[in-house]
1. Could you list, in sequence order, all residues of the range 11-41 that are surrounded by 15 or more Cβ atoms within 10 Å (Cβ to Cβ), in contact with a strand residue (DSSP E or B) (Cβ under 9 Å, 6 or more places away or on another chain) and under 17 Å from VAL71 (Cα atoms)?
2. Only residues in the range 24-53 that are within 15 Å of ILE8 (Cα to Cα) and part of a helix (DSSP H, G or I) count as the first member; pair them with residues that are at pLDDT below 95 and basic (Lys, Arg), Cβ under 8 angstrom, at least 6 apart or cross-chain, and list the lot.
3. Only one of these conditions is not met by LEU61: (1) surrounded by fewer than 16 Cβ atoms within 10 Å (Cβ to Cβ); (2) over 11 Å from the mean Cα position of the chain (by Cα); (3) touching a residue at least 12 places away in the same chain (Cβ under 8 Å). Which number is it?
4. In the range 67-74, is there at least one residue being part of a loop (DSSP other than H, G, I, E, B) and either closer than 13 Å to ILE10 by Cβ or hydroxyl-bearing (Ser, Thr, Tyr) (or both)?
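The values are calculated or read from the model by the stated rules, or taken from the named source; none is laboratory data. Since the structure is predicted, the reported quantities are computational estimates derived from the model, not experimental observations. Ideal geometry is used to build each Cβ from the backbone, glycine not excepted, and the neighbour counts take in all protein chains shown.
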Amino acid sequence: MRHALNKIWIHAIWSTKYRAQLIDHTIEEQLYPFIAHQLQEQGCTVGIIHGMPDDMHCLFLLHAQKSIAEVLKQIKGSSSHFANHQNIMEQPFA
């Protein structure tokens, strides 16, 4: 019997609430490794994480047992929670 193999690279882009320019270099240094760790915990291989002051770009290899919606819900929710509870910025992150 043949085994199925899939490699689905996802380039996800999401913005801050109201496109507020909240993400500066000091925040990137803390937020991007956190997001990479969260993706790895879900079994996704991280290609690159980058962004602009008002949006994030993330390239990752989707785990075969996960949906895109499931992964992004976890990443977006946990990164907002991390940013707000670690007080890495002056105003609330959303």
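1. Here is the first cut: in the range 11-41, the ones surrounded by 15 or more Cβ atoms within 10 Å (Cβ to Cβ) are 12, 16, 22-23, 27-28, 31-32, 34-36, 38-39.
With in contact with a strand residue (DSSP E or B) (Cβ under 9 Å, 6 or more places away or on another chain) added as a condition, the list becomes 12, 16, 23, 28, 31-32, 35-36, 39.
Residues satisfying the conditions are ALA12, LEU31, TYR32, ILE35, ALA36, LEU39.
2. Nothing qualifies.
3. Among (1) surrounded by fewer than 16 Cβ atoms within 10 Å (Cβ to Cβ); (2) over 11 Å from the mean Cα position of the chain (by Cα); (3) touching a residue at least 12 places away in the same chain (Cβ under 8 Å), the lone unmet condition for LEU61 is (1).
4. Checked the range 67-74: at least one residue is part of a loop (DSSP other than H, G, I, E, B) and either closer than 13 Å to ILE10 by Cβ or hydroxyl-bearing (Ser, Thr, Tyr) (or both).
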